[in-house]
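Structure first, commentary second.
The values are calculated or read from the model by the stated rules, or taken from the named source; none is laboratory data. Here the structure is a predicted model, which means the values were calculated and not measured. Here the Cβ positions follow ideal geometry from the backbone for every residue, glycine too, while neighbour counts run over all protein chains shown. With ligands, DNA and RNA removed, areas are computed over all heavy atoms of the protein, side chains included. Shrake-Rupley method; radii C 1.70, N 1.55, O 1.52, S 1.80 Å.
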Amino acid sequence: MNAAKKLFVQSMIISTSILFLNGINAVIQHFAGNDIVLQWYHPISIVLTGVLCALPTLLLLDWEQWDRKALWGRVALHCLALYAAVAGAGWLFKWYTDAEGLISVSVIFFVIYAFVWLSSHWLDKQDEKKINHALDAIRDEE
């Protein structure tokens, strides 16, 4: 998958995941007796955060050439950098105002981080299958 496509897909996966998990959190909070109020700027702040969080993926595009230690180091650095960006965006955009809210944002972040890794891996495998299938079709014609 080329870099621009990967950035776009990850931005959409991240933004959609944030919206989805915030929706689940809102339902849970509603039944617990605590209603959540979205401000007018929250949807665009979520999309902007998705784009911001997709950009550091460029650091991991050539991961196949690293040894395991370098890979895990970059992934850990990637995760911490994104966590700092999301926590900062959450504070800036008033997604949370107290420690309990930060914990909620943190849990949502790590669930989304794992989901994005899994879905990106799955999408990459699907692209590989399509490419291999197309190559096999070309070979069969010869």
Radius of gyration and Dmax over the Cα atoms of segment 3-138, both given in Å: 17.3, 61
Just list whichever of Lys69/Lys130; Lys5/Lys69; Lys6/Lys129; Lys5/Lys125; Lys6/Lys94 have alpha carbons separated by over 23 Å in the model shown. Lys69/Lys130; Lys5/Lys69; Lys6/Lys94
Over segment 1-78, what per residue volume does the convex hull of the Cα atoms give, in whole Å³? 108
Structure-based [θ]222 nm, the chain - -39500 (n - 2.57) summed over DSSP H runs of at least 4, per residue, nearest 500: -27500 deg cm²/dmol
Of the chymotrypsin sites (Phe, Trp or Tyr not before Pro) in segment 1-52, which ones lie in a loop per DSSP and count no more than 12 other C-beta atoms within 10 Å? Trp40, Tyr41
In debye, nearest 20: dipole of segment 31-142 around its Cα centre with unit charges on the Cβ of K, R (+) and D, E (-)? 400
Report the one residue of Trp72, Asn132, Ser104 whose Cα lies farthest in the direction of the positive end of the charge dipole of segment 3-138 (charges on C-beta: Lys and Arg +1, Asp and Glu -1; origin at the Cα centre). Asn132
Have a look at Val86, Val37, Val105 and tell me which one the Gaussian network model of the chain (Cα, springs below 10 Å) gives the largest fluctuation. Val37
Keeping all protein chains in position, work out how much accessible area His30 exposes to a 1.4 Å probe, and write it in Å² to the nearest 10. 100
Test of understanding: what is the full-extension gain from Leu77 to Leu55, defined as 0.36 nm times their sequence separation minus their Cα-Cα distance? 6.5 nm
Check: C-alpha center segment 95-142 vs C-alpha center segment 13-75, spacing in Å is 12
Roughly to the nearest percent, how much of the accessible area of segment 3-138 is carbon and sulfur, given a 1.4 Å probe? 73
